[in-house]
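A.B. asks: Pasting in a structure now, in structure tokens, and then I'll have a few things to ask.
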Amino acid sequence: IGFLAKKIFLAFPEAKKFFDKNKAEVIGNPIREVIFSIKKKTPLIKKDRPVIYITGGSLGSHAINNHVKNIIRKLLDKYIIIHQTGDTKQYHDWEDLLMIKEKLPKKLQSRYFLRKHFFDEELGYIYGNADIVISRAGANTFFELLALRKPTIFIPLPWAANNEQYFHAQIFKKAGAGEIFNQNEDSSSLLQLIDKMIKERDKYKKNFNCLKHLFKKDAAGYIIKEIFSTVCQQKKIDS
């Protein structure tokens, strides 16, 4: 498609070498404006301890959910957990975790915000309160967490195309803004990594200064502007 395109917009500088340098431009990745907006305060969090947001994406992640099942009691002893499980019927993770939650002491239950999905208008509030995030490492998630400067433990999807999620996660790790956890490791290792990141979260947050070159403000607006400009130029040539 690059041979046919008049303009090529890229998210990562490393991709530019694969395209015509006269067409390609690194402009970052468009991100949802809603993540910066704190409107709907659901779930309502009484932040008396660090907050961790755990998500496997819109479909959820069975591997991530399984790790949470193994360590949730220990996590809730120290942290507030916001957990988006997804709703994959094959695994019934949400149902299993709900049963686990209902067996916990009331004090711990109050620290566990368990949902299949969160609405877009809730995400700004959730991200705003989260001290660290545990997530897959898709490109859209990567750039949202970059824009928000959220220290993250990435659990890359092992079968992602060309291992792209691992390479995204490596960018955070090399900058000191995040860590990588292999989903095949023991859950106790994930717990140790969480404790480490919470303890050193200010250091991880500061290291986002090493990644500021990757965040381009209003990438979507720039793309729209360039598309209209290119179309107008083509119309002049055709006429």
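The values are calculated or read from the model by the stated rules, or taken from the named source; none is laboratory data. Just so you know, these numbers come straight off a predicted model, no measurement behind them. All Cβ positions, even for glycine, are placed from backbone atoms using ideal geometry, and neighbour counts span all protein chains on display. Quick note on the areas: whole protein, heavy atoms, side chains included, nothing else; ligands and nucleic acids left out. Shrake-Rupley method; radii C 1.70, N 1.55, O 1.52, S 1.80 Å.
A.B. asks: Name the residue, out of K107, K74, K69, that is outside any loop (DSSP other than H, G, I, E, B), in contact (Cβ under 8 Å) with a residue 60 or more places away in the chain and within 30 Å of S187 (Cα to Cα).
C.D. replies: Unique residue meeting the criteria: K74.
A.B. asks: Taking region 201-217, which residues are surrounded by 13 or more Cβ atoms within 10 Å (Cβ to Cβ) and either within 25 Å of R49 (Cβ to Cβ) or in contact with an Asp or Glu (Cβ under 8 Å, 6 or more places away or on another chain) (or both)?
C.D. replies: Matches in region 201-217: R201, Y204, K205, K206, N207, F208.
A.B. asks: Only one of L59, L44 is open to solvent by 50 Å² or more (accessible area, probe 1.4 Å), hydrophobic (A, V, I, L, M, F, W, C), within 30 Å of N184 (Cβ to Cβ) and out of contact with any strand residue (DSSP E or B) (no Cβ under 7 Å at 6 or more places or on another chain). Can you tell me which?
C.D. replies: L59
A.B. asks: Now for a different question. Could you identify the single residue in A147, A130, A177 that is under 17 Å from I54 (Cβ atoms), surrounded by 17 or more Cβ atoms within 10 Å (Cβ to Cβ) and touching a residue at least 12 places away in the same chain (Cβ under 8 Å)?
C.D. replies: A130
A.B. asks: Right, next: Of the residues I54, I80, which is out of contact with any Pro (no Cβ under 9 Å at 6 or more places or on another chain) and in contact (Cβ under 8 Å) with a residue 12 or more places away in the chain?
C.D. replies: I54
A.B. asks: Among residues belonging to region 218-239 that are open to solvent by 60 Å² or more (accessible area, probe 1.4 Å) and modelled with pLDDT under 85, point out the one that is nearest to A139 (Cα to Cα).
C.D. replies: Ranking the candidates gives V231 first.
A.B. asks: Being in a helix (DSSP H, G or I), within 24 Å of K46 (Cβ to Cβ) and β-branched (V, I, T), is that true of even one residue in region 78-101?
C.D. replies: Taking every residue of region 78-101 in turn, at least one turns out to be in a helix (DSSP H, G or I), within 24 Å of K46 (Cβ to Cβ) and β-branched (V, I, T).
A.B. asks: Please indicate, with yes or no, whether at least one residue in region 14-26 is of a type in the set (V, I, T) and closer than 24 Å to G178 by Cα.
C.D. replies: Yes, some residue in region 14-26 is of a type in the set (V, I, T) and closer than 24 Å to G178 by Cα.
A.B. asks: Same structure again: Return yes or no: is L190 within 23 Å of E14 (Cα to Cα) and open to solvent by less than 20 Å² (accessible area, probe 1.4 Å)?
C.D. replies: In short, no.
A.B. asks: Taking the conditions exactly as written (closer than 21 Å to P156 by Cβ and assigned to a helix (DSSP H, G or I)), does I31 satisfy them or not?
C.D. replies: No.
A.B. asks: Considering only residues that are more than 21 Å from P30 (Cα to Cα), among the aromatic types (F, W, Y) and either in contact with a strand residue (DSSP E or B) (Cβ under 7 Å, 6 or more places away or on another chain) or modelled with pLDDT of 95 or more (or both), which ones fall in region 146-193?
C.D. replies: Of everything in region 146-193, just one residue is more than 21 Å from P30 (Cα to Cα), among the aromatic types (F, W, Y) and either in contact with a strand residue (DSSP E or B) (Cβ under 7 Å, 6 or more places away or on another chain) or modelled with pLDDT of 95 or more (or both), namely F181.
A.B. asks: Is at least one residue of region 140-161 more than 26 Å from T85 (Cβ to Cβ) and among the basic types (K, R)?
C.D. replies: Checked against the condition, which is being more than 26 Å from T85 (Cβ to Cβ) and among the basic types (K, R), region 140-161 yields no hits at all.
A.B. asks: Please verify whether region 14-27 includes one or more residues that are under 23 Å from the mean Cα position of the chain (by Cα) and surrounded by fewer than 15 Cβ atoms within 10 Å (Cβ to Cβ).
C.D. replies: Yes, because at least one residue in region 14-27 is under 23 Å from the mean Cα position of the chain (by Cα) and surrounded by fewer than 15 Cβ atoms within 10 Å (Cβ to Cβ).
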